[in-house]
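Below: one structure, written as structure tokens.
Read-outs: derived from the displayed coordinates by stated rules, not from any lab. If you're wondering where the values come from, they're calculated on a predicted model, not measured in any experiment. We place every Cβ from the backbone using ideal geometry, glycine too, and count neighbours over all the protein chains shown.
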Amino acid sequence: MNKTTLLAILGVVIFAGGLYVLSSGSKAAPTQNPPSPIVTDSTSSTPVPGTGKTHTINYTGSGFSPASLAIAMGDTVLFVKGAGSRDMWIAGGHHPTHESLDGTTRSEHCAAGYSGPKPFDECALGTQYSYTFEKSGAWTFHNHYSDDDRGIINVQ
Amino acid sequence: MLTSSLPTVVLRSGLALAFLFPPINALYDPISWIGYFPGFMHGLLPDMILLHTFGIIEVAIALWILSGKHIFIPCTLAAVMLLAIVAFNFQDFQVLFRDVSIASIAISLALSARKAEQLG
């Protein structure tokens, strides 16, 4: 194996290692909008299954607040665009495909005439968007217009 | 010349495609693409002006690469832009990892072009 090949392999290994470290680090320290510790809505101290509470997440110039939220199945989250914030389009999953809780993508569930379950996707710019979570799990969301702004909702 | 061999033409075409598709698709789906701009860039210019100005730069880079003439500069720019996109959108690495591979193509072409220029 000649020196050039060895250097190339070493370079790839170092690069891959750097990516791994960055990837691990990004989970611990998100770039612009670090999620706050998981909090419950101020209206209830303990989530109660099936109560259908509404929790509000505000979208400001600094991102989503709170960026992490723990709710019960059947609860609704209301996203509200605040003054001075960027345009808002709430969507779940990864940008820009928005794989929804039911597995559909933006091109499917935002298409005209879509008759499936309501997706976790606003499908257009707006000032308010609400979604009722009927499935337990950790559901990430982001602003389709500014992918840096993200958060997570833990449905228990 | 190294830059006009068939393998190099194929690589240049592939790289150019990576810089032609986004600005063209942005004409039909601008919001998806503006979403990739990091937060600090929003507000510097109106978002659509920012998006389409960036698109014009991407088209210029693509056409320059396709021309095959002195492509060290556009290939280097392409690599820098691709790696910056990955760095500023690292949370989407599951989608953007391919940009790293495309950047390596750009770097390879830049190095080949530099070598070709040095050989005269």
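Per-residue shielding of B:38-46, expressed as the average number of other chain Cβ atoms within 10 Å of the residue Cβ, stands at 3. Here the stretch B:55-120 is treated as a Stokes sphere of Kirkwood radius computed over C-alpha pairs; at 37 °C and 0.692 mPa s its diffusion coefficient rounds to 267 µm²/s.
Distance from the Cα centroid of the stretch A:70-133 to that of the stretch B:51-83 is 35 Å (rounded to whole angstrom). With one equal scatterer per alpha carbon and no solvent term, the Debye-computed log10 I(q)/I(0) for the stretch B:1-44 at 0.17, 0.18, 0.22 1/Å reads -0.62, -0.65, -0.76. Per residue of peptide A:86-97, the mean number of Cβ atoms on other chains within 10 Å of the residue Cβ is 3.
If R0 is taken as 30 Å, the Cβ-Cβ distance between B:L63 and A:L125 corresponds to a FRET efficiency of 0.40.
Once the other residues with Cβ under 15 Å from the Cβ of B:G68 are scored (Lys, Arg +1; Asp, Glu -1), what is the net sum? Charge balance near B:G68 sits at +3.
Peptide A:120-129 has a mean shielding of 0, counted as Cβ atoms of other protein chains within 10 Å of each residue's Cβ. Segment B:V100..B:I56, full-extension length gain: 13.6 nm, with 0.36 nm per residue of separation and the alpha-carbon distance subtracted. Computing Rg and the Kirkwood Rh from the Cα coordinates of the stretch A:86-135 gives a ratio, Rg/Rh, of 0.93.
Between Rg and the Kirkwood Rh of the stretch B:46-88, both from Cα atoms, what is the Rg to Rh ratio?
On the way: Rg = 11.4 Å, Rh = 11.1 Å.
The Rg/Rh ratio comes out at 1.03.
Using the Cβ-Cβ distance between A:E134 and A:E108 with R0 = 25 Å, the FRET efficiency computed as 1/(1 + (r/R0)^6) comes to roughly 0.85.
Could you work out the Rg to Rh ratio of the stretch B:1-82, with Rh taken as the Kirkwood radius (inverse of the mean 1/r over all Cα pairs)? Don't jump to the answer; show the numbers that get you there.
Numbers: Rg = 14.1 Å, Rh = 13.5 Å.
Rg/Rh: 1.04.
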